[in-house]
1. Of all the residues that make up region 259-299, how many are assigned to a loop (DSSP other than H, G, I, E, B) and small (Gly, Ala, Ser)?
2. Which strands (runs of 3 or more DSSP E) sit wholly inside region 71-143 and have at least 3 residues that are without any contact (Cβ under 8 Å) to a residue 60 or more places away in the chain and within 28 Å of Leu189 (Cα to Cα)?
3. Specify the residue that is surrounded by the fewest Cβ atoms within 10 Å (Cβ to Cβ); the eligible residues are those in region 253-283 that are among the basic types (Lys, Arg) and at negative phi.
4. Taking Ala111 as meeting all but one of (1) out of contact with any helix residue (DSSP H, G or I) (no Cβ under 9 Å at 6 or more places or on another chain); (2) modelled with pLDDT under 95; (3) small (Gly, Ala, Ser); (4) within 24 Å of Leu257 (Cα to Cα), write down the number of the exception.
5. Name the residue that is modelled with the lowest pLDDT, counting only residues in region 305-328 that are touching a Ser or Thr at 6+ places or on another chain (Cβ under 8 Å) and farther than 23 Å from Ile244 by Cα.
6. Wholly within region 329-432, which helices (runs of 4 or more DSSP H) include no fewer than the required count, namely at least 1 residues that are of a type in the set (A, V, I, L, M), more than 25 Å from Phe165 (Cβ to Cβ) and at pLDDT 95 or above?
7. Quick test for you: out of Ala356, Ala362, pick the one residue that is surrounded by 24 or more Cβ atoms within 10 Å (Cβ to Cβ) and touching a helix residue (DSSP H, G or I) at 6+ places or on another chain (Cβ under 9 Å).
8. Does Arg417 satisfy the criteria of being over 20 Å from Asn302 (Cβ atoms) and loosely packed, with under 15 Cβ neighbours inside 10 Å?
Amino acid sequence: MKRLSLVLAALLATSANAATIAITGGTVLTAVGETSIANGTVIIRDGRITAVGAGLVVPAGATVIDATGKFVTPGLITAMSTLGIVEVEGVRQTNDASARSTPFSAAIDVAPAINPMSPPIAINRLGGVTRAVVGPEISNEIFGGQGAIISLAASGDIVMAKRAFQFIEMGEDGARAAGGSRPAAWLNLRNGFAEAQRFARNPAAFDSGRDKDSLIKRLDAEALVPVVEGRVPAVVHAERASDISAVLALRAEFPRLHLILIGAREGWMVADKIAAARVPVVTLSLFDLPDSFETLASTRSNVGRLVAAGVTVGFGIFGGDSGSQPRNLPYFAGNAVAQAAVPGGVGLTRGQALAAITRAPAQIFGLADLGTLEAGKRGDVVVWDGDPLELTSAPTAVFIDGVAQPMQSRQLQLRDRYRDLAPAALPKAYSK
């Protein structure tokens, strides 16, 4: 471990464009099907993976990372989170996920608020998360605003894509925000899309902000134009099976919509419809409690049944530990595998579970050069001290774009600072 730390320290001091790295001897899980390469090698040059396989010749001059006895995977990607915009969920001053009294909705853009120094970013990078989809939450309208996609790299501009999707709430919370009923929420949604189409036809009609015939502001209508035109995905939260069916039916009226479902805890009941519509789902595997009226049919077999039906499923969600701590995603993936062993349960294979936290999120959000260990992909690679789907395993090295990341966080620094203080170093108030 000490030798690996020295190697990583040397890599941190090396220019990313000059570094050639060979990770050798580990069990390589490529996230392509069920492929597992024993005693495999991953070679990274100039930030990109150039070769993956067994028996590869290590390029001359390459820095070698010995992963013998370890596992090697792509960097984890959370398909939804609040990383960078929420530090302490219950403290309003550190929570920029929603605005309680703003007059705007769809036009809200989280990107300017993303804080690269936010402590959860380093903590989750230590857990193997290298990229994150970051989304807003709704306040007083069903349109929550525009999300972003970020890198968790320790240096540089971490925002990869601004205004990457529009978040729309169509569950119980959407009904509340729209005035108290689902019919009001659906009317609000259709009106918003119609306003966007009207804006696209005649932008001048909105020049004074809210014009005499408009129910939404000019900036909100403008933000919805790429959504109704299918250039920006609409991430729609719906849990109840009937709500999911209604979301899928939107394409009859707005055929160019690029839909992504989030939540979908009753998705298994309409899995064939979701698969036929080719709409991906962002959810988690451990939802099994009927903790609201829209989730009465929750089951831990939801993810397994969705995948079995042909739905692309990526793991991630808003709020709580799931939103700010996607480092826990491997545990959700491991539980999805274990569900297959439960009598009557439907789970995932190991390859499918790993894909749900790597390849699938990349596919869902158009990150074509991420999510798998293949030649040509970005050099997001994680070395684990054990099986990545086991609770006891942890990363020993994390690379983003081929650059070794510091295996350090503020929490670890505080631990090291105060764990072994000598009595003389204690503040006077704490003298013995």
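The values are calculated or read from the model by the stated rules, or taken from the named source; none is laboratory data. Worth saying up front: this structure is predicted, and the values here are computed from it rather than measured. Note that each Cβ is placed from the backbone with ideal geometry, even for glycine, and that neighbours are counted across all protein chains shown.
1. The number of residues fulfilling the criteria is 5.
2. Values: elements: 71-74, 76-81, 129-134.
Ranges flagged: none.
3. The first filter runs over region 253-283 and keeps only residues among the basic types (Lys, Arg), leaving 256, 265, 273, 278.
Now drop any that are not at negative phi, which leaves 256, 265, 273.
On the way: Arg256: 10, Arg265: 27, Lys273: 17.
Of everything passing the filter in region 253-283, Arg256 is surrounded by the fewest Cβ atoms within 10 Å (Cβ to Cβ).
4. (2)
5. Only one residue tops the list, namely Ser324.
6. Numbers: elements: 329-338, 350-355, 359-364, 410-419.
Correct list: 329-338.
7. Residue meeting the stated conditions: Ala356.
8. On the way: over 20 Å from Asn302 (Cβ atoms): yes; loosely packed, with under 15 Cβ neighbours inside 10 Å: yes.
Answer is yes for this residue.
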